1. Among the trypsin sites (Lys or Arg not before Pro) in segment 640-694, which ones are in a DSSP loop with at most 11 other Cβ atoms within 10 Å of the Cβ? Mind listing them?
2. Heavy-atom accessible area per residue, segment 561-643, 1.4 Å probe: how many Å²?
3. Work out from phi, with θ = phi - 60° and the Karplus expression 6.51 cos²θ - 1.76 cosθ + 1.60, the ³J(HN,Hα) of each residue of segment 395-404, listed in order in whole Hz, and give x for Gly and Pro.
4. Between Rg and the Kirkwood Rh of segment 236-343, both from Cα atoms, what is the Rg to Rh ratio?
5. Provide, as a two-decimal number, the C-alpha radius of gyration of segment 577-690 over 2.2 N^0.38 Å, N being how many residues it has.
6. What is the extension gain from PHE637 to TYR260, computed as 0.36 nm multiplied by their sequence separation minus the C-alpha to C-alpha distance, in nm to one decimal?
7. Once you place label points 7 Å from the Cα toward the Cβ at TYR601 and ALA305, how far apart are they in nm?
8. Skipping prolines and chain starts, which residues have an amide H placed within reach, meaning under 5 Å, of the one on GLY725, given they are 5 or more residues away or on another chain?
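The values are calculated or read from the model by the stated rules, or taken from the named source; none is laboratory data. Here the structure is a predicted model, which means the values were calculated and not measured. Neighbour counts are summed over all protein chains in view; Cβ atoms, including those assigned to glycine, are modelled from backbone coordinates with ideal geometry. Quick note on the areas: whole protein, heavy atoms, side chains included, nothing else; ligands and nucleic acids left out. Shrake-Rupley method; radii C 1.70, N 1.55, O 1.52, S 1.80 Å.
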Amino acid sequence: MKATLRPSWNPSARTRIPFANQRAYWAAIWLASLSCGGMALAQTNTPPVVSAPPGSGGSTNIARLEDVTVVGKLDEARNKIAADLGATSYTISTNQILTLAGGVNAPFNQVLLRAPGVAQDSFGQVHVRGDHANLQFRINDVILPEGISGFGQELDTRFINTVSLLDGTLPAQYGFRTAGIVDIHTKSGAFNQGGDVSLYGGSYDTIRPSFEYGGKEGNLDYYFSGSYLHTGLGIENPTPSASPIHDNSDQFNGFAYLSYLLDDTSRISLILSANHSYFQIPNNPGQTAGTDPAGNPFPVPGTAAFDSANLNENQTQQNYYGVLAYQKTIGDLNLQLAGFSRYSSVLFRPDFSGDLFFNGVASRADRNILTHGVQGDASYDLSEHHTLRAGFQFSGSKAVSDSSTTVFNIDGGGNAISPPFAIIDNNSKWGYLSGGYVQDEWKITDKWIVNYGGREDFSHGFTDESAFCPRVNTVYKVTERTALHAGYAYYFTPPPLETVQQTTVSKFNGTSNEAPNQQNDPVKAERDHYFDAGISQTVAPGLQLGLDGYYKIAKNLLDEGQFGSAVIETPFNYAHGTVYGVELSATYKHEGFSAYANFAYSRAQAHDINSAQFTFDPGDLAYIKDHDIFLDHDQTFTGSFGVSYNWQNTLVYADVLYGSGLRADGAVPNGRKLGAYSPLNLGIQHAFKVGKNQLTARFDVVNVLDQVYELRDGTGVGVGAPQFGSRRGFYGTLSYAF
């Protein structure tokens with residue numbers, strides 16, 4: 001894995017190539033990319049760690065060279081539209097994913113956790129540089145609209161060609177979600193001709209059949225993938241036991257990429273994806289019965305006792321999206337126009353008797369959001385020293401939140417009165433996001449580049465706010481081996497519409513679901529001053545080091561929490577917050593040996609909760625009003641480390657994730673941290689030649705030393721149930737490429 005600053009300081013990047021020589025030029029670039037495992041051009045100095053079979057990122061078919069050359073040229077033109085100059089960019093390729101536990105069967109969050117400053121949380125969540133979420137996902141440089149956060153991984157790792165995490169002071173092109181840009185470039189049939197079928201399985205009743213198939217027919221480039229996963233460890237276990245109770249999950253994933261060349265300078269691309277996932281909510285045995293305000297057990301009809309090991313809560317999640325994009329190159333002008341749609345839903349089904357027995361409340365929650373939008377981006381080389389970029393985006397979303405909450409009435413003495421009854425609370429709301437940007441990449445000298453510009457963003461419907469966001473980044477190449485960067489960005493981050501609380505608080509007054517207080521100020525957009533500076537140093541051939549520091553001053557800092565039984569996040573604000581930290585990264589590559597190490601320090605604090613206050617204890621609110629507290633997702637130290645060696649079609653690897661522990665309640669809210677953890681993973685893979693095809697066998701051991709570690713203990717501001725990390729597991733894969 002390689003952390004890179006990608007300033008366009010190479011004078012050849014601006015060289016005009018005569019059209020007659022372009023085909024030979026791009027053919028050479030394409031052949032060079034094949035020798036580097038299909039990695040992005042900016043990464044060609046990082047060779048692959050293992051040869052990938054067809055369908056896994058590498059291509060062995062060099063027929064139709066002319067058509068493939070055109071595809072490579074258009075891919076490079078599309079990359080030029082998206083600027084990352086001055087931001088910190090960490091790129092992981094398909095071949096590097098093979099050095100993680102599970103390889104392409106690894107959950108997508110596990111891939112992101114190998115980037116600097118990314119902390120692990122429960123339900124598959126990750127936190128980048130002290131932010132709760134606030135990630136923007138892009139597929140082939142088109143924004144993926146937000147879905148309802150639940151758990152499990154909607155994105156399938158197997159269709160990734162490269163994924164980059166951009167953070168720091170982002171150029172003006174990136175808005176709304178700015179903690180990090182997860183930029184995914186998918187596999188395509190042009191570079192992945194052929195098919196692959198595989199079977200993955202092992203501990204916790206895990207079984208996962210999957211397939212990939214890609215090719216090129218005439219001007220049509222196509223790639224398809226699909227998988228089905230069954231596992232007995234769908235969500236993190238709430239106990240330290242190696243045998244979770246009621247934790248099965250079934251997940252279906254499908255993905256399609258189709259691209260049609262209209263001519264040598266334009267194409268139309270279509271991306272389709274579907275995910276349908278079913279989860280059991282795992283049980284924590286030995287829980288005591290809940291009591292009403294008077295101290296009596298809730299009078300659940302026909303239920304005098306209930307074993308918490310027998311609870312039957314379930315959640316179903318669906319996510320579907322489509323992207324249709326048109327790309328055109330006209331001389332020095334590159335542009336892409338895309339339309340996108342996404343539907344996302346979460347349905348939580350309670351155990352009515354059990355939830356009433358333990359909580360006095362049983363809520364059936366059904367949320368969905370439908371989003372349509374359009375995005376346009378363009379770049380134009382004004383001169384040898386200036387590249388102008390501009391673009392816009394617009395999206396409209398309808399969020400629906402339906403709930404049926406079964407509760408008890410509470411009398412004047414605090415006693416729950418049977419029978420329980422249902423309160424219906426159905427809401428829907430439209431929200432709109434729009435924005436535009438202009439920026440100039442100014443090459444002052446061969447060593448010094450400045451990227452400056454600004455964007456204007458608007459949020460309507462669920463929060464009516466807007467902001468002008470100036471951005472400036474500079475990169476200076478001190479020597480051939482040393483590059484410095486620094487930047488400033490103003491960020492405007494609206495709350496996610498799909499999770500904004502729409503409950504009518506007063507409906508539950510006098511019931512077992514009465515809020516701790518009645519204050520419910522609306523959630524607001526976060527506004528940040530963000531500063532970043534760093535250095536990238538090539539110490540020796542194959543060895544690169546990086547150091548980066550950041551500081552954020554936030555107004556109305558956004559956070560999210562789980563309030564209630566349903567595993568659905570709800571946003572709220574802190575009036576003021578500060579987040580700062582330092583990241584170190586190192587990569588080394590020599591022949592078949594590769595190694596990487598990332599280590600980060602972070603500190604995230606805030607005070608004064610000024611929205612959605614009804615979800616919090618009044619005592620906590622009073623303390624947080626005048627005192628800085630650590631955010632619940634703050635983790636002081638985070639690290640990822642790995643080594644791999646590839647020799648004669650055999651790959652061996654080892655990697656470790658380290659976390660010093662997220663926050664939990666102590667003497668004050670979020671006043672202590674949980675214990676540190678560092679599970680070790682090991683694996684081996686070998687490719688066998690079978691005629692003209694290839695059979696690959698793989699074996700992975702997760703958490704080799706069977707370390708017991710806690711991600712959450714059930715306490716903290718906005719924290720739900722406890723969750724433990726995965727215990728030791730053994731997994732195998734057989735894959736046949738044809």
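1. Details: sites: ARG663, ARG672, LYS673, LYS689, LYS692; in loops: LYS692.
The qualifying sites are LYS692.
2. Details: 2890 Å² over 83 residues.
Ligands and nucleic acids excluded, the figure is 35 Å² per residue.
3. Whole-Hz 3J(HN,Hα) from phi for segment 395-404: 8, x, 10, 10, 9, 10, 10, 10, 9, 10.
4. Numbers: Rg = 25.5 Å, Rh = 19.0 Å.
Rg/Rh for segment 236-343 comes to 1.34.
5. Values: Rg = 21.1 Å, N = 114, 2.2 N^0.38 = 13.3 Å.
Relative to the rule-of-thumb radius for its length, segment 577-690 sits at 1.58.
6. Numbers: separation 377, 0.36 × 377 = 135.72 nm, distance 4.66 nm.
Contour length minus Cα-Cα distance gives 131.1 nm.
7. 5.5
8. Amide H to amide H, under 5 Å and 5 or more residues apart or across chains, GLY725 pairs with TYR709, GLU710, LEU711.
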